[in-house]
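Take a look at the structure set out below.
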There are 2 protein chains.
Amino acid sequence: MKKLINKPEDVVRESLEGMQAAHGDIIKVFYEPHYIVRADAPVQGKVGVVSGGGSGHEPMHGGFVGKGMLDAACPGDVFTSPTPDQMEAATKAVDGGKGVLHLVKNYTGDVMNFEMAAELCQAEGIDVEAVVIEDDVAVKDSLYTTGRRGVGLTVLAEKIIGAAAERGDDLKKVADLARACQANGRSMGMALTSCTVPSAGKPTFELGADEIEVGIGIHGEPGRERMKMKSAKEIVGIMSEAVISDLPFKSGDETIVMINGMGGTPLIELYLLYNEFVKVAQGKGIKVARRLVGNYITSLEMEGFSITLLKADPDMLKLWDAPVHTAGLRWGV
Amino acid sequence: MKKLINKPEDVVRESLEGMQAAHGDIIKVFYEPHYIVRADAPVQGKVGVVSGGGSGHEPMHGGFVGKGMLDAACPGDVFTSPTPDQMEAATKAVDGGKGVLHLVKNYTGDVMNFEMAAELCQAEGIDVEAVVIEDDVAVKDSLYTTGRRGVGLTVLAEKIIGAAAERGDDLKKVADLARACQANGRSMGMALTSCTVPSAGKPTFELGADEIEVGIGIHGEPGRERMKMKSAKEIVGIMSEAVISDLPFKSGDETIVMINGMGGTPLIELYLLYNEFVKVAQGKGIKVARRLVGNYITSLEMEGFSITLLKADPDMLKLWDAPVHTAGLRWGV
């Protein structure tokens, strides 16, 4: 294993120290338990938005903490659920008196621990609601998940509900909006290569020199099908069809699209993939109203990408366009 | 070779089509010859700033075209110099009557072709100045270069001189500022793995399972030393020392720092590396006034990183902070 780290057990902490050093104007990092809050937290009179999950998916979630997006993120060990004490501390730190929303990716450990943290916080008088994101159409159940995995839609939902909280929406409205994102968003990923978890020291899985795995999870969980290498056009065709037919997205729908790199995919390829996706969307009359092309929810150095599609109403688009100031996503400020 | 492409010969064009589809509000792409200009080009009464070079380093340069940074970029084939006709067309397209600056990375082909394009444009009455960036301290001469290679400093220089042109500085002032960036900036890179140029179909070089190459070029050109894998702290120590001692950067200097991923390096590692760099800088009394941590000048899917350090005066810092609206770098707007 070659990695730009010191000791595997120190990766998360030392990376957080780097984030703090780089973005002290945006975030404040706490350690033991680890959590990241926006620098001006708690914002009085505003709903707090908290997410979290295993590390190794950067910039998600810590890179999305800041004005207009998350109030706090709880980073677990690499590909490992954060613990309830992280979530509890983060929730208390961002409670501005209007309640806190937990946005949870659907992995059994994440869901269970966020539930436990919510109970602890509610017992102390903080109003907490949780919404679970489960957008991966690839498989029904998976290695760490009952039901669908939570993947790329989380990024889009964090932006939209973060903006809603920022404009003053109350907890019920913010939670309803998160549920609307979940109801209208779908994703699917694929990989050319595995990644290596630092503490494991060897690749999570093996893929042949001419093989790809379509429907892969962000921790390398098995996908739908292992197949021979195909062209970008064919791969985008297969994945788009799976995503579009699932909701289904229809002609005339306005969408926010994310072509997301898994961490080791060159940007030149991501734009080429986006180009293929646009052709598919045009062919079906689906309008791409907004888009992200880049690395937003990664799997360490895995080569591959995912497609996320969210059917967005005018309010979602307005919230998407609202100013955001985080390490990983920034505009309007 | 597994790559998310269609045909190797179509990669650059299809990726440009994706950029156009994604960022039509910021850029306009022309084909045959290929070049990218900001959507509102030419801006009358403003110095135009043009850069370019081989593709495969995205987001550089096309991702830095837009308000407050480049007026145009000329993408060559992957790791191949663009041709004079691209540069000539781009220069004419962004000429707003106040002259055009060519910012050129020091590779023999790039320098020669930009010189030829400048002559053609000057013959048609456009005032053109060229400044060559040669910031890589690793080796004296290299595979495609006489003298030092132009690498990460190009990103910082494009931001700073782009902002100067935007505020209305004349061509001489913009060129002087580019020369000041060159005089005060230094870089060095390293790699854990090679990358594969699509048309070559196999890795550019080979590195053993426990080997790294320190001082690598952005096209995989040989570095200073191939060595056994080391800790992040040791690697940052070696590279920082080479960069800092070269200018030399001194206690009390205010700097802009870039910890740049080569394309296949996880962000969690880049922040960890930044953390190590900050400790080195603090130990030497060098102040990190601004920073970028991420993928800005890449080498396709190469795993590795580079360090760039620019000694910045107050005007450079002010220009750094000025609004920028490009696909790859955005703030204040």
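Listed by first and then second residue, the pairs with beta-carbon distance under 7 Å, at least 6 apart or on different chains, first residue in region B:213-225 and charged (D, E, K, R), second part of a loop (DSSP other than H, G, I, E, B) and open to solvent by 20 Å² or more (accessible area, probe 1.4 Å), are B:E213/B:L207; B:E221/B:L143; B:E221/B:Y144; B:R224/B:V139.
Residue-level check: of (1) touching a helix residue (DSSP H, G or I) at 6+ places or on another chain (Cβ under 9 Å); (2) farther than 27 Å from A:G63 by Cα, A:G263 misses just (2). A:R226 meets each of the listed conditions (1) part of a loop (DSSP other than H, G, I, E, B); (2) over 17 Å from A:G152 (Cβ atoms) apart from (1).
The residues of region B:8-59 that are part of a loop (DSSP other than H, G, I, E, B) and either touching a Phe, Trp or Tyr at 6+ places or on another chain (Cβ under 8 Å) or facing chain A (nearest Cβ under 8 Å) (or both), listed by number, are B:G56, B:E58, B:P59. In summary, A:G201 fulfils each of the numbered conditions (1) within 14 Å of chain B (Cβ to nearest Cβ); (2) closer than 28 Å to A:R13 by Cβ; (3) surrounded by fewer than 16 Cβ atoms within 10 Å (Cβ to Cβ); (4) free of Cβ contacts under 8 Å to residues at least 40 places away in the same chain with the single exception of condition (4). Taken together, the residues in region A:79-108 that are within 19 Å of A:T204 (Cβ to Cβ) and open to solvent by less than 20 Å² (accessible area, probe 1.4 Å) amount to 2. Within region B:223-241, if we keep just the residues that are open to solvent by 10 Å² or more (accessible area, probe 1.4 Å) and of a type in the set (A, V, I, L, M), the residue that is nearest to the other protein chains (Cβ to nearest Cβ) turns out to be B:M229. The sole residue among B:G189, B:G215, B:G264 that is small (G, A, S), open to solvent by less than 10 Å² (accessible area, probe 1.4 Å), more than 30 Å from B:G285 (Cα to Cα) and assigned by TED's automatic domain parsing to the domain that holds B:L310 is B:G264. When A:T146 is tested against (1) closer than 24 Å to A:G217 by Cα; (2) under 16 Å from the mean Cα position of the chain (by Cα), only condition (2) is not met. Could you identify the single residue in A:K67, A:K46, A:K2 that is surrounded by fewer than 24 Cβ atoms within 10 Å (Cβ to Cβ) and not assigned by TED's automatic domain parsing to the domain that holds A:G150? Criteria check complete, one pass: A:K2. Could you please let me know if B:V278 is within 12 Å of chain A (Cβ to nearest Cβ) and within 17 Å of the chain's Cα centre (by Cα)? No. Here is the figure for region B:60-79: residues that are away from chain A (no Cβ under 13 Å) and more than 23 Å from B:V174 (Cα to Cα) total 0.
Which condition does A:E124 not pass, out of (1) out of contact with any strand residue (DSSP E or B) (no Cβ under 8 Å at 6 or more places or on another chain); (2) at pLDDT 95 or above; (3) under 21 Å from A:L247 (Cβ atoms), if it passes all the others? Single failed check for A:E124: (3).
Elements of the type strands (runs of 3 or more DSSP E) sitting completely within region B:251-333 and holding at least 2 residues that are in contact (Cβ under 8 Å) with a residue 60 or more places away in the chain: these cover B:254-261, B:304-311. Number of residues in region B:229-250 that are in contact (Cβ under 8 Å) with a residue 12 or more places away in the chain and in a loop (DSSP other than H, G, I, E, B): the value is 5.
Going through region A:179-195 one residue at a time, which ones are of a type in the set (A, V, I, L, M) and under 30 Å from B:T265 (Cβ atoms)? Passing the criteria: A:M188, A:M190, A:A191, A:L192. With the structure loaded, tell me whether A:N184 is within 18 Å of the chain's Cα centre (by Cα), at pLDDT 95 or above, of a type outside the set (F, W, Y) and open to solvent by 30 Å² or more (accessible area, probe 1.4 Å) or whether it fails that test. When the stated conditions are applied, A:N184 passes them.
The values are calculated or read from the model by the stated rules, or taken from the named source; none is laboratory data. Every value quoted in this text rests on a predicted model; they were computed, and no experiment measured them. Heads up, the Cβs are rebuilt from the backbone with ideal geometry, glycines too, and the neighbour counts pull from every protein chain shown. Each accessible area value is taken on the protein alone, full model and side chains, heavy atoms only, with ligands, DNA and RNA left out. Shrake-Rupley method; radii C 1.70, N 1.55, O 1.52, S 1.80 Å.
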